[in-house]
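K.L.:
Dumping the structure here so I can ask a few things about it.
The values are calculated or read from the model by the stated rules, or taken from the named source; none is laboratory data. Quantities reported herein were computed from a predicted structural model and do not represent experimental measurements. Cβ: placed from backbone, ideal geometry, glycine included. Neighbour counts: every protein chain shown. To get the accessible areas, we keep the full protein, side chains included, count just its heavy atoms, and leave off ligands, DNA and RNA. Shrake-Rupley method; radii C 1.70, N 1.55, O 1.52, S 1.80 Å.
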Amino acid sequence: MDYDRGAPDLGLASTLDEILGEADPLGAWDADLPPTHDTVEGSVEAARLAVTDQEWKHCRAQDLLVMLQSLCPPGGQCSRVAVYASEYGAREMEREEKFGPGRIFADDAPDASDSGSEDEAEEGFDAEKLRAYELKKLRRYFAVATFDAAATAEAVYASGDGVEIEATSVPLNLSFIPNETTFDEGRKRDEAT
């Protein structure tokens, strides 16, 4: 017991020389910890990943490029991210431009008195319909991330799929894209390299 500090003596190194003498500066500090993610089963031969279900109003290609680059293993790189409107998204955005955001208002409900609280009725929307509408907006766009190698894409997928982006409550949703798949450049919203 270290009576001066009121803490037990755990037998830790007491001098800087002891600490530096035993440390392996190149060793992995987390080598003995359990993995933080599942490994991808089988062989993946695609160097591209799709990013879906994001808050696209606030998420740009440059943001995704920086985030995905931070997930790359040493020596790997994310060389390009392009954001495209999905077929569903293009249809919905065209419809919404003409008619506005439909099917979210309380008067669209069969019985508006059962759809929510008085506050919701005063504001004129149905909370459940609004929630469903906002979730569907996540599918309006998708991003295509191109990596230098399939191994890099696999490593990013393994470490990033399902991980929440900061405190957004929006997990990173990744999936592999076969190399032969092409996309309509006319639907490209933005791109970063």
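K.L.:
Compute log10 of I(q)/I(0) for the range 139-193 with the Debye formula, placing one identical point scatterer on every Cα and leaving out solvent, at q = 0.21 Å⁻¹, to two decimals.
P.N.:
Once normalised to I(0) and log-transformed, intensities are -1.02.
K.L.:
Considering only DSSP states other than H, G, I, E and B, which chymotrypsin sites (Phe, Trp or Tyr not before Pro) in the range 137-193 qualify as loop sites with at most 15 other Cβ atoms within 10 Å?
P.N.:
Passing sites in the range 137-193 are 183.
K.L.:
Taking a probe of 1.4 Å, how large is the accessible area per residue of the range 39-106, in Å²? Spell out each step's value before the answer.
P.N.:
Details: 3820 Å² over 68 residues.
For the range 39-106, the per-residue accessible area is 56 Å².
K.L.:
Further question: With a point put 7 Å past each Cα toward its Cβ, work out how far residue 132 is from residue 86 in nm, to one decimal.
P.N.:
Reported label-point gap for residue 132 and residue 86 is 1.6 nm.
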